[in-house]
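This is the structure, below, for whatever I ask next.
The values are calculated or read from the model by the stated rules, or taken from the named source; none is laboratory data. Keep in mind that what you see is a predicted model, and the values were worked out from it rather than measured. Heads up, the Cβs are rebuilt from the backbone with ideal geometry, glycines too, and the neighbour counts pull from every protein chain shown.
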Amino acid sequence: MMTSLWRARHARLAAALLLAAILGASVGTIAQAEGSVPGWSSYDDEIAQANKDKARKEQEAKSLAHDLSETNQAIGDATVKLTALNERLPVVQEEYRLAQQRVDAAVLQQSIVAGKLEAALAQDAALTTQIEADDVKIADLRDVLAEIARAEYQGSREDASLSIFFGAQTSTEFVDDYAYRETTSRVQSNTLAQMEELAAVNRNRKARQEAVRAYIEELKVQADALVVETQTARDAAAQKKAEVEQLLKEAQNLKAYLESQRAAYLAQQAEAEAQAAALKAELDVLWKKKLAEESVNGTGSLVKGFLSPPTEVPYITSSYGMRFHPIYQVWRLHAGTDFRAYCGTPIMATADGKVEWARYRSGLGNQVMLYNGIVSGKVLYTSYNHLATFAVSAGQTVKRGQVVGYQGTTGTSTACHLHFEVYVNGDTVDPMTLIANWW
């Protein structure tokens, strides 16, 4: 289950990194234009960096798995999940921030378009008012012209053109009649000019109004689209917010669980240390007894290459040395080397020996302890742990490469793997100082 979780996390991480690389590359420039190697672009740089980040994350996940390989299953799973959440949370928080920015940008754009629409509608209304007012003025001027025309018609005679000279009784009448006719002609001319000017202005206004109304329709289309865009952005932001809140809730729950298990974990470690001490005490009695009883050294010497790998396809997943728990912040000795061994993998004796015991030990699970003899004056034991089943029994003599059991995840273990230990005069040593190179 942990393997599938890690793989899923790595797949999501790789997808996120690749997406980030593609998005980043889409706005990049061609590296060739910047004087780089021809054909190599910033896209390639982003992909290369994404691959480095992916490899780093995978290595971190492997390290975490190794650190927790002999931790209680539930605690180990919770730790891995919390670590994944802690890696995912900043990404989702940034996605939420960007989503909220898109909402803010859409709302701002809506406000801008609404302002433009309001101004355009006001302009349309103002033009309508001006056009209507000038249409009234034109109508009034037309009435004036009609009135002048009627007055002229009603006052006309066949000899009207001569009455100016022959119809006037006095010189005063002649002057008054002539002035009246001059004024009337001037008023008619001015009225016609004013009507034409107002008509031309209104024609221009109507053309402007048509353009304004076309612009208003465009703005309405933009406004409608922005309503949809804003709602979509709000939905996306709400989804990201909910995801952030869910991740925070899960992280808090996991933290609370892990904190509640802290005492249990520390007790488990104390028990493991006590078991290691008990095992050492038991081996101390055995190796001293063996050394006293057996005077003949075995062949060879305790140097690199004395032992063979315990699996057919050896692959180290965790080395000998101090190990740090990432949640409980405590150090402990990892007293052996872990080899990748899927459930059911045959586990082989690393040297000739005799089975001291094949039994279950709390913490280490099913364990085969081989006595490999006295070499260079030192008593050598090898231990094979977390087995599912035994292929040998106590007192049995085995040869190098003979199967001693099949791998499992018994004892304190989060996944199938072989925990291999080497004891020299009762003390653990780094197995890799004695196992032959196979690469």
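List every residue pair whose Cβ atoms lie under 8 Å apart, where the two residues are 6 or more positions apart in sequence or sit on different chains, the first residue falls within region 181-193 and is assigned by TED's automatic domain parsing to the domain that holds Arg150 and part of a helix (DSSP H, G or I), and the second residue, located anywhere, is small (Gly, Ala, Ser) and exposed (fewer than 13 other Cβ atoms within 10 Å of the Cβ).
Thr184/Ala151
Quickly run through region 361-382 and pick out the residues that are part of a strand (DSSP E or B), surrounded by fewer than 23 Cβ atoms within 10 Å (Cβ to Cβ) and within 46 Å of the chain's Cα centre (by Cα).
Of everything in region 361-382, those that are part of a strand (DSSP E or B), surrounded by fewer than 23 Cβ atoms within 10 Å (Cβ to Cβ) and within 46 Å of the chain's Cα centre (by Cα) turn out to be Arg361, Gly365, Asn366.
Ok, one more. Among Ala394, Ala388, Ala358, which is the only one that is at pLDDT 95 or above, of a type outside the set (D, E, K, R) and part of a loop (DSSP other than H, G, I, E, B)?
Going through Ala394, Ala388, Ala358 in turn, the sole match is Ala394.
The rows are residues; the columns are (1) under 17 Å from Asn385 (Cβ atoms); (2) in the same structural domain as Glu87 (by TED's automatic domain parsing); (3) of a type outside the set (Lys, Arg).
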| position | (1), (2), (3) |
| --- | --- |
| Gln239 | no, yes, yes |
| Glu245 | no, yes, yes |
| Leu254 | no, yes, yes |
| Lys280 | yes, no, no |
| Asp284 | no, no, yes |
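Let me ask something else about it. Would you check if Ala394 is surrounded by fewer than 16 Cβ atoms within 10 Å (Cβ to Cβ) and touching a strand residue (DSSP E or B) at 6+ places or on another chain (Cβ under 8 Å)?
When the stated conditions are applied, Ala394 passes them.
Search region 405-434 for residues being closer than 21 Å to Trp287 by Cα, among the β-branched types (Val, Ile, Thr) and surrounded by 17 or more Cβ atoms within 10 Å (Cβ to Cβ), and hand back the single one that is farthest from the chain's Cα centre (by Cα).
That would be Val424.
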